[in-house]
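The structure appears below as C-alpha cells.
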C-alpha cells in the first residue's frame, strides 16, 4: 500500500450510490486512500450516514464546493437559442458539474495529493498508485480518444494539444494538489475566455451546439497540462478496467471467484447505468467452465471481434517511448501514382470487406473517385467519413486538412443530410434509432428533425432533452405522411433529405453509401437521384437480402454488406419510405408526401412516381443495409392496417391509372 496519506473523492448521485451498493465493500477495502469521501447532494449525505460505512468513509456536500444552480445557469445561458424556450435537462449539466467539483476540491485540500475515483467502477483487487520508489505517482493510461476534449483543451490552454498516444482517461486519477491549483489559475488567467471562474471559462469555450457532446474531460486536461508543464511529476502506467461490466455481469450476483478471475486480467470493472446484460451475453463471463479455460482478457477479445462500434479495450496502449515513429499510410501514399484503376478498385473492395472501419482505405477510395471519375463530391464524402471513423489524432488532423484542400481546389456540391423522423411511442426503439444515427453519421453531415405525433410513453420528454434534435410536437397523431411533411418544412432548406422510420437501426456505412449514391454522376449528371436502403423486413416491399433469427446476426451481416461493390445500384419503379433519401434538387420539385394517403401506405410509391416525372432515378442501394423492426410506427392493429393498405391502394390506382404492384 502507499505510504503517503491522502483522501479519495467519489462524486456520485444518490441514485447511482444506491445502484452501486454491491461494490461498496470492495471499493472501501481496495482504494489506496486514507479515507473515501462521497461527494454529492444533501440527499446523498443522508444515504451515506444511513449506510453506516464507518471511519473509512465520509461525505462532502457538493454545494460547499460549487453550486449546481450556478453551473446550470451558465449552461442554460450558453444554449438558450437552441433550447428555444425548452427546459435544459439537468443531466447535460451534471456531466460537467461533477468534473468541476473534483477540480475545485484542490482549493480546500490540505494534503499533497487527492485521489479521484468514478462511482460506477469497482476495483478488482488492491493496488498502489505510487511507483516502487514510494515517491513518484502513476498516471494510468488507456487506449481511448475523443477529439472534442482536445478541441476544448486547446481553447482553455492555448497551444496545448495531445502529447501522448494513449489517453489519461482511466476512471481514476491521483491529483497533485498544487498542480491542480496551477491548472485552475492558468485557465482563470486566460483573457480570451469570458467569465471569471475556471468552470465558466471552460463552459464558454465550448460552442452551444457541442455542449451536449460531453466536450470536456478533467482527466485529459490535467494529464496533458502535467505532461507539458511538469513531465517528471508522474510515471505512466497502462491500466485496464473492464469497461462493459454491466453488459456481461449481473453485478449483484458477482462472487469472489468472479472478481479473482477478473483481477488476473483487469484492475477494475465498471458498471455504467445504461448498460444491461444482453441475452447472448448471459452466463458467459460468469460461467465457471469458461473461466477455467480462458482468461477474462481472452474472453473479452473474442467478444470484441463482434463489436461494430463503441468502446473496445486494447492492450499495449503505452509503448513507453513517446517519440516512437509509426508507419503512416496517409503520409506515405503519393497521389496520382496508381494508374491501375481496376486493380486499385479490387484491392480497396477486398480491404473494406475485410475491415469496414479502415479509415485509410476510405481516403484512398476518395482519391480513386477524384482521379478516375473526376468526382470531387464523392471524394469529399470519402474524406469526411474517413475523418469521422479515424481514431488516430494525427491522422484525423491530416485527413481534415486533405478535406480542406479539396474544398479550396474544387467546387463541392455535397450537402448535409437531414433525417426526418416521425415519432409515435416506442420509446426504447426510438432512442436506439437516434443513437445509431449519431454513431454512424458525421455530425458535419447530418441534421436530425423529429416530429412527435403526441406520444404518451415518455419519449417526448427524452427528445426534449436532446440538443442536437430539432423537435416539433404535434397535439395529435397525424400519421407518417403528414408528420414527415412537417419535418421536411422545418428541416434546413439547403440540406438533402432522408425520410426515416423511427423503428430502424442505422448501421455503420449505410448512410455513407446512400450519400455516395446521391452524388454518383453515373446515375445522374444533374443530381436527380432518389436512393433507398435494403433491409430485413418483408413488409417494406423490398425483398430482404438475407434472413436471420436475431438482431445481432442482422447487424453482423450489415458489416459484411455495407462495403464497396462493383454494381451497387438497382433501378426500381419505387422505393420503400422506411428509409428514402432525396437530393435537394429533387425534393424541392416534388414536395413531400400527398396527404390523401392519411396515416400511411402507398405515400412512398406516390412520391417516387412524382420524382420520376421530374426526371429523377429511383435506385435501391444494395450496399446500404439498415435494420427495420417493421410496423412499429403507426400504432395500428393488424386488421386496421390491412384496411388502410387496401384503401390507399385504391387511391393510388385512381390517381395514377395503374397498379404499382405491376411495376
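What list do you get for 269, 129 if you sort them by fewest beta carbons within 10 Å?
The most exposed by this proxy come first: 129, 269.
For 497, 472, which order do you get if you count the other beta carbons within 10 Å of each Cβ and list the fewest first?
472, 497
If you average over every viewing direction, what projected area does the convex hull of the Cα atoms of segment 404-473 give, in nm²?
5.4 nm²
Can you pull the Rg over Rh of the chain, Cα-only, Kirkwood?
Radius of gyration relative to Kirkwood radius: 0.99.
Roughly what % of Cα-Cα distances in segment 140-263 sit above 25 Å, to the whole percent?
Across segment 140-263, Cα pairs with separations above 25 Å total 35 percent.
Placing one identical point scatterer on every Cα of segment 329-404 and ignoring solvent, what is log10 I(q)/I(0) from the Debye formula at q = 0.15, 0.17, 0.26 Å⁻¹?
The calculated log intensity ratios at q = 0.15, 0.17, 0.26 Å⁻¹ are -0.46, -0.59, -1.37.
Please give, to one decimal in nm, the separation of the simple spin-label points placed at residue 302 and residue 570, each 7 Å out from Cα toward the Cβ.
The modelled label-to-label distance comes out at 3.7 nm.
Along Cα→Cβ, 7 Å out, is where each label goes; now give me the distance between the ones at residue 409 and residue 112 in nm to one decimal.
Between residue 409 and residue 112, the simple spin-label model gives 5.6 nm.
Modelling each spin label as a point 7 Å along the Cα-to-Cβ direction, I'd like the residue 260/residue 154 distance in nm, to one decimal.
If labels sit at residue 260 and residue 154, their model points lie 5.0 nm apart.
If you take the C-alpha gyration tensor of segment 27-169, multiply each eigenvalue by 5 and take the square root, what semi-axes do you get, largest first, in whole Å?
29, 25, 14
Determine, from the Cβ-Cβ distance of residue 56 and residue 357 and an R0 of 41 Å, the FRET efficiency 1/(1 + (r/R0)^6), rounded to the nearest 0.05.
According to the calculation, E is roughly 0.35.
Dividing the alpha-carbon radius of gyration of segment 173-232 by 2.2 N^0.38 Å (N being the number of residues), what value is obtained?
After normalising by residue count via 2.2 N^0.38 Å, the value is 1.18.
So, R0 is 41 Å and r is the distance between the beta-carbons of residue 345 and residue 614; what FRET efficiency does that work out to, to 0.05?
Once the sixth-power term is evaluated, E becomes 0.80.
Please give the helix 479-490 orientation as an angle from the longest Cα principal axis of the chain, in degrees from 0 to 90, rounded to the nearest 10.
Helix 479-490 sits at roughly 70 degrees to that axis.
Find the eigenvalues of the gyration tensor of the Cα atoms of segment 480-662, then list the square roots of 5 times those eigenvalues as equivalent ellipsoid semi-axes, largest first, in whole angstrom.
24, 22, 15
Express as a percent, rounded to the nearest 5, the fraction of DSSP beta bridges in the chain (both residues included) that run antiparallel.
Antiparallel bridges make up about 35 percent of those DSSP assigns within the chain.
Output the 0 to 90 degree angle, nearest 10, between the alpha-carbon long axis of helix 177-188 and the longest principal axis computed from the alpha carbons of the chain.
Once rounded, one gets 50 degrees.
Expressed in nm², what is the orientationally averaged projection area of the convex hull enclosing the Cα positions of segment 1-59?
If I average the Cα hull's projected area over directions, I get 3.7 nm².
Over segment 464-550, what portion of Cα pair distances is larger than 22 Å, expressed as a whole percent?
The calculated P(r) of segment 464-550 puts 44 percent of pairs beyond 22 Å.
If you average the sequence gap of Cα pairs under 8 Å that are 6 or more apart and divide by the length of the chain, what percent do you get for the contact order?
It comes to 10 percent, rounded to a whole number.
Give me the angle, in degrees from 0 to 90, between the Cα long axis of helix 42-51 and the longest principal axis of the Cα atoms of the chain, rounded to the nearest 10.
60 degrees
We did not get these values from a lab; they are worked out from the coordinates using the rules stated. Please read all numbers here as calculations on a predicted model, not as lab measurements. In this analysis, Cβ positions are derived from the backbone assuming ideal geometry, glycine residues included, and neighbour counts consider all displayed protein chains.
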